[in-house]
Amino acid sequence: MGLSVTYKILKSHLADGKLAEGEDIGIKIDQTLTQDATGTMAYLQFEAMNIPKVKTEISVSYVDHNTLQMGFENADDHKYLQTMNSNFGIYHSKAGNGICHQVHLERFGRPGATLLGSDSHTPTGGGIGMIAIGAGGLDVAVAMGGGPFYLTAPKVINIELAGKLRPWVSAKDIILKVLEILTTKGNVGCVVEYTGPGVKTLSVPERATVTNMGAELGVTTSVFPSDEITRAFLNAQGRENAWIELLPDADAHYDRKIPLNLDDLEPMIACPHSPDNIKKISDIKGMKVDQVAIGSCTNSSYKDLMTVAAILKGKKVHPDISFIVAPGSKQVFEMIAENGALKDIISAGARIMESACGFCIGSGQAPVTEGISLRTNNRNFEGRSGTNSGQIYLVSPEVAALSALEGRLVNPLNYDKSQWPDVKLPENFIIDDSLVIPPSDKKVEIFRGPNIGEPPYTDPVADEIKGIIGLKTGDKITTDHIMPAGQRLKYRSNIPEYARYVFENVDSAFASRSLESKSKGVFTAIAGGESYGQGSSREHAAICPMYLGVRLVMAKSFERIHSGNLINFGIMPLVFKNKGDYDKIVQGAPFVMKDVKKIISGTLPVTVEISGEVYEFELLATARQRDILLAGGLLNYTKNNMG
């Protein structure tokens, strides 16, 4: 039986294990990326490994999250990053150069390569035929040091695309439809691979929109083949030598096949407060809108903004709308400025934001109280926008632009086809990498401001863990719930400070209670529901709870990146054997786990005594991850194995 694109890349990069579905494998990582919100800690961890230079083909450090420099913290961290990157062989993309995923697609990604990024939307690279995976910063640090990245050899879900998108229907509608089919739950350990004749009708920016927001499915990654469309994109970027053809075999094996006819799609919308709360716009059109925001790593490409500019040209935004547009990269910004599209956007009444993550991560542009905000980004979790009562809807750039003009949610299919802007990609993009600082052969002094802390270490696991159930949550707890973003992001390199805000918007007293318990030698456990830890790859959602004394998280199910991050920092992710047991757990109840080392090593069943009753769990860990837990975390494990 033939191979899928997924398994062709995995096979060529296999470094450890047997390449068979469900097996634990290690793969060689060609490229890494970090962003400043996660990268600062990743590089502190890399320094702690005492490796003189990165061992990857290329590693790029992007500044795109904490660019709203209120106070000294972010500016200090950025100077740390640039000086550290220079010494260790890492390229540094300065603030203003753009969002990591957009820039990496344009300037660094290559078909057939593996990319590991400390951001959950790293799968954007799958749009040009990469196996691009989001992970915690410590995993990325290990990969930069030459270590394999470990994952479960995935099941591959094949989305077979037929037909062609109609005018006014976009790539965003493809991924919203896939989210309606697969939802955000139950896809751990899977890769989504797109095939079929419909693939050739999609440009690279359209494919990248699909793979980018595939992160919301909870899959390991998503991937398209590399074909002549990919070649044309790379050629326009002056990088045709990076291209290879990479197609699935005619008899490639897939675990599940889902046919999707692009002809049948219509404009879709993700309603609050989950990316899989999908409706057809035709079913809810007419809703009054307060804010429209176009940008983010999902929909800020040249094609997206040229489409928006064509819709807005010669028109004015509705007076009741707050309208925001953020180009995804310096390249996009410069090109729309040069060809006049930026003028059309500004003349229509848009507020132009810098090329950064901005409103998507709650860093500015919070909507009005109880406001309706249409956004082209990828997540609409409650409170993520910076306004707890904000109602965030996810739409395509076409829907966003038309709705900004009308002041209400509109269905583009009600417009004449002749009004649809059929934007084509240019034969050549503007190439200016002056904001990418290459590493230096000369050593420079690494700048360490007062916000820079030490990477957190954990002790090897004890044989008995006693404590209390510090918090009981519901389903779909995201990493935004655990560690708030927005104005709190500036503390990412200062764990004692950032830990004060763990579960800030769920239970504001959780951090202080946990610290008080820790001071008395009492550990904390968390009880969660389904899909615990979905969303961002932020490893601080594990680091900061660990700092507070959390050693167990019990849940009905976990999302992949977060469960791995918990293990990396010595916290056991335990899955209820009987999901009904979750209902019996009471916040504040005492717990004890005995014979911990034997339980982790697999010689005893996983049991925890809570309020005198014994509960059974499964430890969500591979054999290697069990060794990491015994060592007290991945940093300890890596240093032990290196030394």
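Please treat every number below as a calculation from the coordinates, not as lab data. Note that the structure is predicted; figures quoted are calculated from it, not measured. Glycine also receives a Cβ, built like all others from the backbone with ideal geometry; neighbour counts cover every protein chain displayed.
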Antiparallel DSSP beta bridges within the range 270-413, percent to nearest 5: 20 percent
Largest-first principal axis extents of the Cα set of the range 270-413 (Å): 38, 29, 25
Add -39500 (n - 2.57) for each DSSP H run of 4 or more in the chain, then divide by its residues: what number comes out at 222 nm, to the nearest 500 deg cm²/dmol? -8000 deg cm²/dmol
Check: the chain dipole with +1 on Lys, Arg Cβ and -1 on Asp, Glu Cβ, in debye: 400 debye
In whole angstrom, the spacing between the Cα centers of the range 399-438 and the range 529-584 equals 39 Å
On a full-extension model of 0.36 nm per residue, what is the gain between LYS518 and LYS443, subtracting their alpha-carbon distance, rounded to one decimal in nm? 22.9 nm
Please give the FRET efficiency for ILE430 paired with SER347, using the beta carbon to beta carbon distance and R0 = 25 Å, rounded to the nearest 0.05. 0.65
Among (i) 38, 27, 25; (ii) 54, 27, 23; (iii) 41, 33, 28, find the value of semi-axes √(5λ) of the Cα gyration tensor in Å that was calculated from the structure presented, and write down its label. (i)
Under a crude label model (7 Å from the Cα following the beta-carbon direction), how far is LYS288 from ASP422 in nanometres? 3.9 nm
Length gained if LYS639 through ASP249 is fully extended, taking 0.36 nm per residue and subtracting the Cα-Cα distance, is 136.3 nm
Suppose we keep just the DSSP beta bridges with both residues in the chain; what percent of those would be antiparallel, to 5? 35 percent
Compute the FRET efficiency between THR369 and GLU21 as 1/(1 + (r/R0)^6), taking r as their Cβ-Cβ distance and R0 = 56 Å, and round to the nearest 0.05. 0.70
Calculate how large, on average over all directions, the projected area of the Cα convex hull of the range 464-642 is; give the answer in nm² to one decimal. 9.6 nm²
Contour minus Cα-Cα distance for ASN505 and SER611 (0.36 nm per residue): 35.4 nm
Under unit Cβ charges (Lys, Arg +1; Asp, Glu -1), what dipole magnitude, rounded to 20 debye, does the range 464-642 have relative to its Cα centre? 440 debye
Any idea how far apart ASP475 and LYS315 come out in nm if each label point goes 7 Å out from Cα toward Cβ? 3.8 nm
Does the range 388-445 classify as rounded, prolate or oblate by the C-alpha gyration tensor (a ≥ b ≥ c root eigenvalues; a/c under 1.5 gives rounded; else a/b over b/c gives prolate, otherwise oblate)? oblate
Find me the longest stretch of the chain that has none of the exposed GluC sites (Glu not before Pro), where exposed means in a DSSP loop (not H, G, I, E or B) with at most 10 other Cβ atoms within 10 Å. 1-426
Backbone HN-Hα couplings from phi across the range 239-250 [Karplus 6.51/-1.76/1.60, Hz, Gly and Pro as x]: 10, 4, 5, 7, 7, 9, 7, 9, 10, x, 5, 4
Could you check the spin-label model distance between LEU14 and THR603? Points 7 Å from the Cα along Cα→Cβ, value in nm. 3.2 nm
Starting from the range 557-643, pick out the trypsin sites (Lys or Arg not before Pro) whose DSSP state is loop and whose Cβ has at most 14 other Cβ atoms within 10 Å. LYS577
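With a ≥ b ≥ c taken as the square roots of the eigenvalues of the C-alpha gyration tensor of the range 79-235, please select rounded if a/c is under 1.5 and otherwise prolate if a/b is larger than b/c or oblate if it is not?
In terms of gyration-tensor shape, prolate.
Give, rounded to the nearest 20 debye, the magnitude of the charge dipole that the range 16-89 has about its Cα centre when Lys and Arg contribute +1 at Cβ and Asp and Glu contribute -1 at Cβ.
With Lys and Arg at +1 and Asp and Glu at -1, about 300 debye.
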Name the shape class, rounded, prolate or oblate, that the alpha-carbon gyration tensor gives for the range 223-352, where a ≥ b ≥ c are the square roots of its eigenvalues, rounded holds for a/c under 1.5, and otherwise prolate holds if a/b is larger than b/c and oblate otherwise. oblate
